[in-house]
Protein chains: 2
Amino acid sequence: MEFFAGKYDVIVVGAGHAGCEAALAAARMGCQTLLITLSLDNIAHMDCNPSLGGPAKGHLVREIDALGGQMAITADETSIQVRMLNTGKGPAVHALRIQSDKQAYHLNMLNVVMGQENLILHQAMVDRIKTEEGKVSGVVTRTGAFYAAPNVILTSGTYLRGRIIIGDAMYDGGPSGQQTAMSLSGELNALGLELGRFKTGTPPRIHRRSVDYSKFNIQPGDSVPWRYSFMPTQSMYWGQDVDKQCPCWLGYTTPETHKIIQDNIHRAPLYSGKIEGIGPRYCPSIEDKVVRFADRPSHQIFLEPEGWDSDELYVAGLSTSMPEEIQYEILHSVPGLEKAELLRPGYAIEYDYVKSHQLSLSLEVRKIPGLFTAGQLNGTSGYEEAAAQGLLAGINAALRIQGKEPFIVRRSEGYLGVLIDDLVNKGVKEPYRLLTSRAEYRLILRQDNADLRLTPRGREIGLVNDERWEAFQKKKEAISEIHALWRGTTFSPLNEQLAEVLASVNSAAVHGGISGEELMRRPEITINEIKQLMPQLAEYDEESLLEAGIEIKYAGYIEKQLAEIERFAKMEERLIPEEIVYDQIKGLSTEGRLRLKEVSPSNMGQATRITGVTPADISVLLVYLEQKRRGGQFHAT
Amino acid sequence: MEFFAGKYDVIVVGAGHAGCEAALAAARMGCQTLLITLSLDNIAHMDCNPSLGGPAKGHLVREIDALGGQMAITADETSIQVRMLNTGKGPAVHALRIQSDKQAYHLNMLNVVMGQENLILHQAMVDRIKTEEGKVSGVVTRTGAFYAAPNVILTSGTYLRGRIIIGDAMYDGGPSGQQTAMSLSGELNALGLELGRFKTGTPPRIHRRSVDYSKFNIQPGDSVPWRYSFMPTQSMYWGQDVDKQCPCWLGYTTPETHKIIQDNIHRAPLYSGKIEGIGPRYCPSIEDKVVRFADRPSHQIFLEPEGWDSDELYVAGLSTSMPEEIQYEILHSVPGLEKAELLRPGYAIEYDYVKSHQLSLSLEVRKIPGLFTAGQLNGTSGYEEAAAQGLLAGINAALRIQGKEPFIVRRSEGYLGVLIDDLVNKGVKEPYRLLTSRAEYRLILRQDNADLRLTPRGREIGLVNDERWEAFQKKKEAISEIHALWRGTTFSPLNEQLAEVLASVNSAAVHGGISGEELMRRPEITINEIKQLMPQLAEYDEESLLEAGIEIKYAGYIEKQLAEIERFAKMEERLIPEEIVYDQIKGLSTEGRLRLKEVSPSNMGQATRITGVTPADISVLLVYLEQKRRGGQFHAT
Ligand SMILES: Cc1cc2nc3c(=O)[nH]c(=O)nc-3n(C[C@H](O)[C@H](O)[C@H](O)COP(=O)(O)OP(=O)(O)OC[C@H]3O[C@@H](n4cnc5c(N)ncnc54)[C@H](O)[C@@H]3O)c2cc1C
Ligand SMILES: Cc1cc2nc3c(=O)[nH]c(=O)nc-3n(C[C@H](O)[C@H](O)[C@H](O)COP(=O)(O)OP(=O)(O)OC[C@H]3O[C@@H](n4cnc5c(N)ncnc54)[C@H](O)[C@@H]3O)c2cc1C
């Protein structure tokens, strides 16, 4: 029996990585928010590897933080190891990777969500989505509770008609032994949404004591206490004492491993036809790798602790859905894992996802105003991609309540923008993972400047709190003071210390005077050197110094990219003349035409953000406007 | 496809409270042990209240500790509040209650189990039990892994064909949102075991911030840092600083609450016929209480934190399976809970259990040598009852491997004995809960002397490690030294300090000399007083002093009970003449006769412990022996 259980501004279904960010954002922006999830014991659970980040993904985490999201802080506070990747390359691809204690990550997020004002948590299975006159009106749980809201954000991850596959064994189930949601897919179908089927997989977990570490290479954490957040966070485990971090261990598969897999490939669900869903290309299973790269004699394996003092190790690189007996053989064929105790077998999970071309850039389902979808449900893979979408969906649901324009991050503003734009305008054919190569403006979208790019925008929508805003202002001031200092300081060629410092890094001697700025342009001069020459820099924090340094060193490239961005933005800002008659434009979709007529957008940017207007409609419109302009029919825009 | 996945001495199915003790005991006694459970994230999960103990249950925890079990240590280390109950009454019913941090309890036990030598952990669903020639030979998991072992201990709790009920909503599921085990019941049936159906329930959980505490009475912890273990444990949260403990809160239901329930009683699954299973009489639901005690205007409610800094509160006293909307109304009718946020609704769970008369006193299934069952699966209710059975099953499986006699605790030796004897010889008609009233020898079975009663027995079977054994020896020595001191010290009637101390507690003045022992016999003289008179007592620990004191004060009663026990034990030790011809005894069960002939027990005690010999067979045998003895046909036994 159905009963009315309360009215909210925003309801979020699912408290995974997407759902937590969505609910926190909406609540922090002042909306009465309800977060419903299957189990409170499983909030923000990391179903796969116990770490966040790496290229592009790490960038996302920084951007989430810059906007006032939660993931970065929780990752920092529960970190057991930090590593900056790609430091040999340019700053655009420097990428932080943080391993967290899985259990602590969950508990930290649980506490944050529980403690959030305006946010009510409730454990339940959502079975139905209610609409009224085509718009979302709320959800109904398995126990008959009807919660009303004009905005519903679905973030149900891999739970829709989840199916676990381990060799010949197949059964209904969610990830990590959870229940699965069998009703929601049908509901979405009934609402006219097109679903697809993907799969993903996870490696076995083994017991720490069962490893022969002498056959692995130790991988300690970095000697810098990196963090994701722009705010002053630190690990609950090692604080600032980098030597205390947990190490990981690097090993390799062998030809024997590969032979075991090849000999049993007919039993791999992936190849025996048991799995219909398409898997993630960038997180392939070991059987996938062995088949696709048949000539490779070995693949890397990382043993990663699942927690600060957990006995469980995650065997990164060995994702598999082979039968359990083959999993034993595969493990035991790896040098050092001869006696590995299998705590949990690897498995694959197949699940329904929402085809993302049906969404607008605000992550609202075009056909159903008020229904948002975010996270793995939209066909992505990865905690960071999920959280990023959750944050944006939460923000946009809140803005919708406030009657404001959607919040869209451009491709030139952040990886957040690249992610959403790819999903909506390109759609996905396999589980989508963000990569730096997907971004056009990599030199602009650095991890170090995520705050400079996005914190003002987060402040504008009310998500960046005073504390963060003040810290941000201070950093900005610091950067401009540093620039002023560098510009304003000239060193005489006779300065002995200068000569010494230059010699120490093999930098050419100077013959005329040289400014601090000119010095910093030299690639070999780092913050270290300039600080020796300008003791007054000591009062500035490392981050501001680094930022100012990068801005100088890469100024040329950065300007070039900014010019490109400008050109593209101009297109987007192109005005649409009031006298336009949409009925005269051939090739518009029926719904697009209708919505354009209703809204009468004043520029192309606004047109792209109208629910119901497809990317194809936008192309048609642009071509039409250009033709008319050339024909002199409209004034130049 | 089935594959061979290893051979063990003992396999334990289920890592709840029973399973963890069983596996630890078997492994600590040197058996190669495998513990298989549905989810490693759920080990030793407290599905209901976040606390252990109270009368009888607290005694069990002490006894588990005395034998070298784990529950007491884990409870102590994760405790957030301790209270000694019934301190106004005699020492026999003093009972400790400890609230634990639910999450920490799980993690602590997980770490212990993971770290245990000889113990392998594995996450899987056991679907089948294998037998060979009527004896257990192993188990098969859902993924086809066959684990071989001559001993299997089933501790699957409420998971067998679990069914969740919340008002009109009913669905298959395990407790706390877990999956349920649908196959095992059928397996047990096929093995010829008789199953029944019980139900149990749990109250709603609410958000800490949503309570008006001014309408509740605060319930702080005790000012003594009590602990369960006889070893020196302490809370990871408050150490010895008793002021830091978490408080609970006491409130009451109102006539309005009861009216809501009565008005909706037709929708209570318990009364609408939806629930077939029989519920626990001693943990009734609120609807049960309202119906059964219709004249009571209110019932107590305790708000208990689920953890040290958890925002979740357990609403003790409000266990219910009413529809969720009625749960809201019930909660909001309680003064102080008008605005309670419902985090998780209360629910009932129905499940299959094994009828316990089919077991021997070693918890082995009579019909199936090597198959043990323990915990809620045997029709009990409560963490402590489950753990106690698990411990005994683990011990007995290990002894079976070693070819030794089963380990049986007598009713006169411990609540452990009362529990098992009740289960096996009386059977259960409703979820069984241990109560002090079930014990005949309460004055002997005190919580303070659990170690004196059982630690030597635990040492004998190899479960009590050296550290615990040394501590125990020291305590025993201390007690006898204290007794010697008391006996050996005589106070002169002229001793002024004596007069003062006696006066301070209104104790009669002495006229002749008086020994320390005589003084201690006086009810009003406590350790406190005697310590003032005998400063040399300061070197003994409180526990030994208390113990010695109780031994003196209750010596008369204790001796009487000991005499009774002696009489009963004599019967049990009665020898069975070698010339007995079982075929001549009428009334023996077919199987019992067979087994008695096979084993030829030399005394009644041994006869009771033979798998296949029922309590009825024992009665028949006793009567027969008595008749023969009276008839002079056998020598006196
Ligand atoms: C087996 C496996 C392997 C993976 N491997 C990788 C990998 O190698 N690399 C990588 O980057 N990513 C991997 N991932 C992906 C990553 O774990 C997910 O992308 C990420 O967790 C998705 O976050 P989410 O918030 O979208 O969904 P989830 O974290 O899955 O959260 C979904 C939430 O919705 C709740 N929910 C679902 N249905 C309902 C309902 N009807 N009512 C109420 N609540 C509901 C659930 O309880 C859960 O809390 C893997 C995931 C799995 C399961
Ligand atoms: C809703 C509810 C309310 C309760 N209320 C009370 C109360 O008010 N008072 C009270 O004293 N007690 C109460 N209890 C009882 C108490 O929680 C249990 O008695 C205690 O947890 C039982 O311990 P156990 O070890 O027997 O089973 P559990 O703790 O339930 O553990 C069973 C274990 O077996 C595993 N398992 C099950 N099937 C399989 C399989 N096929 N393969 C592998 N693993 C399997 C599970 O994963 C689990 O780890 C309640 C329990 C529930 C569920």
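The values are calculated or read from the model by the stated rules, or taken from the named source; none is laboratory data. Since this is a predicted model, take the numbers as computed values, not measurements. All Cβ positions, glycine included, derive from the backbone under ideal geometry; neighbour counts span all protein chains shown.
Structure notes:
- Test: residue A:387 is in contact with a Phe, Trp or Tyr (Cβ under 8 Å, 6 or more places away or on another chain) and closer than 21 Å to residue A:228 by Cβ: no
- Residues that are in contact (Cβ under 8 Å) with a residue 24 or more places away in the chain, of a type in the set (Phe, Trp, Tyr) and part of a helix (DSSP H, G or I) within the stretch A:550-586 comprise A:557, A:568, listed in sequence order.
- Here the stretch B:384-410 is the region considered, the condition is being over 23 Å from residue B:188 (Cβ atoms) and of a type outside the set (A, V, I, L, M), and the residue that is surrounded by the fewest Cβ atoms within 10 Å (Cβ to Cβ) is B:403.
- For residue B:434: the one exception among (1) touching a residue at least 60 places away in the same chain (Cβ under 8 Å); (2) in a loop (DSSP other than H, G, I, E, B); (3) more than 21 Å from residue B:197 (Cα to Cα): (3)
The rows are residues; the columns are (1) within 21 Å of the chain's Cα centre (by Cα); (2) modelled with pLDDT of 95 or more; (3) in the same structural domain as residue B:322 (by the TED database).
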| site | (1), (2), (3) |
| --- | --- |
| B:158 | yes, yes, no |
| B:167 | no, no, no |
| B:172 | no, no, no |
| B:185 | no, yes, no |
| B:189 | no, yes, no |
| B:196 | no, yes, no |
| B:210 | no, yes, yes |
| B:216 | no, yes, yes |
| B:220 | no, yes, yes |
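The rows are residues; the columns are (1) farther than 15 Å from residue A:257 by Cβ; (2) more than 14 Å from chain B (Cβ to nearest Cβ).
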{"position": "A:296", "(1), (2)": "no, yes"}
{"position": "A:300", "(1), (2)": "no, yes"}
{"position": "A:310", "(1), (2)": "yes, no"}
{"position": "A:317", "(1), (2)": "no, yes"}
{"position": "A:344", "(1), (2)": "yes, no"}
{"position": "A:358", "(1), (2)": "yes, yes"}
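- Selection of the stretch B:92-104 for residues being touching a residue at least 60 places away in the same chain (Cβ under 8 Å) and in contact with a Gly (Cβ under 9 Å, 6 or more places away or on another chain) yields B:94, B:95, B:96, B:98, B:99, B:101, B:102, B:103, B:104.
- Residues of the stretch B:431-460 that are modelled with pLDDT of 95 or more, over 22 Å from residue B:542 (Cα atoms) and touching a helix residue (DSSP H, G or I) at 6+ places or on another chain (Cβ under 6 Å): B:434, B:459.
- With respect to (1) under 18 Å from the mean Cα position of the chain (by Cα); (2) under 24 Å from residue B:365 (Cα atoms), the lone exception for residue B:128 is condition (1).
- Residue count, the stretch B:368-378 (criterion: more than 9 Å from residue B:157 (Cα to Cα) and either within 10 Å of ligand 2 (Cβ to nearest atom) or not aliphatic (A, V, I, L, M) (or both)): 4
- From the list A:267, A:281, A:292, the lone residue that is modelled with pLDDT under 95 and within 14 Å of another protein chain (Cβ to nearest Cβ) is A:267.
- Exactly one residue out of A:377, A:371, A:392 is under 17 Å from residue A:608 (Cα atoms) and within 16 Å of ligand 1 (Cβ to nearest atom): that is A:392.
- Condition check for residue A:612: part of a helix (DSSP H, G or I), closer than 24 Å to residue A:373 by Cα and under 32 Å from the mean Cα position of the chain (by Cα): no
- Count - residues of the stretch A:135-186 that are within 14 Å of another protein chain (Cβ to nearest Cβ) and outside any strand (DSSP E or B): 17
- Complete set of residues in the stretch A:592-622 that are of a type in the set (D, E, K, R) and in contact (Cβ under 8 Å) with a residue 60 or more places away in the chain: A:609
- Counted residues, the stretch A:114-134 - those being in contact with a helix residue (DSSP H, G or I) (Cβ under 6 Å, 6 or more places away or on another chain), within 11 Å of chain B (Cβ to nearest Cβ) and more than 20 Å from residue A:181 (Cα to Cα): 2
- When residues in the stretch B:323-340 are screened for being touching an Asp or Glu at 6+ places or on another chain (Cβ under 6 Å) and surrounded by 24 or more Cβ atoms within 10 Å (Cβ to Cβ), 0 of them pass.
- Residues of the stretch B:587-609 satisfying the condition of being more than 22 Å from residue B:358 (Cα to Cα) and either in contact with a helix residue (DSSP H, G or I) (Cβ under 7 Å, 6 or more places away or on another chain) or not in a loop (DSSP other than H, G, I, E, B) (or both): B:603
Residues checked against (1) closer than 26 Å to residue A:357 by Cβ; (2) within 16 Å of ligand 2 (Cβ to nearest atom); (3) surrounded by 15 or more Cβ atoms within 10 Å (Cβ to Cβ); (4) charged (D, E, K, R):
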position: A:169; (1), (2), (3), (4): no, yes, yes, no
position: A:181; (1), (2), (3), (4): yes, no, yes, no
position: A:185; (1), (2), (3), (4): yes, no, yes, no
position: A:200; (1), (2), (3), (4): yes, no, yes, no
position: A:203; (1), (2), (3), (4): no, no, yes, no
position: A:206; (1), (2), (3), (4): no, no, yes, no
position: A:210; (1), (2), (3), (4): no, no, yes, no
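- Note on the stretch B:135-156: among residues that are more than 29 Å from the chain's Cα centre (by Cα) and farther than 18 Å from residue B:9 by Cα, the one that is surrounded by the most Cβ atoms within 10 Å (Cβ to Cβ) is B:143.
- Only a single criterion out of (1) crowded, with 18+ Cβ neighbours inside 10 Å; (2) within 27 Å of residue A:376 (Cβ to Cβ); (3) touching a strand residue (DSSP E or B) at 6+ places or on another chain (Cβ under 6 Å) is not satisfied by residue A:176, namely (3).
- For the stretch A:230-245, the criterion of being part of a loop (DSSP other than H, G, I, E, B), of a type in the set (Asp, Glu), away from ligand 2 (no atom under 16 Å from the Cβ) and closer than 30 Å to residue A:543 by Cβ is met by at least one residue.
- Considering the conditions (1) under 20 Å from the mean Cα position of the chain (by Cα); (2) within 11 Å of ligand 2 (Cβ to nearest atom), residue B:72 is excluded by exactly one of them, (2).
- Test for residue B:249: is it more than 14 Å from chain A (Cβ to nearest Cβ), more than 16 Å from ligand 2 (Cβ to nearest atom), in contact with a Gly (Cβ under 9 Å, 6 or more places away or on another chain) and more than 30 Å from residue B:547 (Cα to Cα): yes
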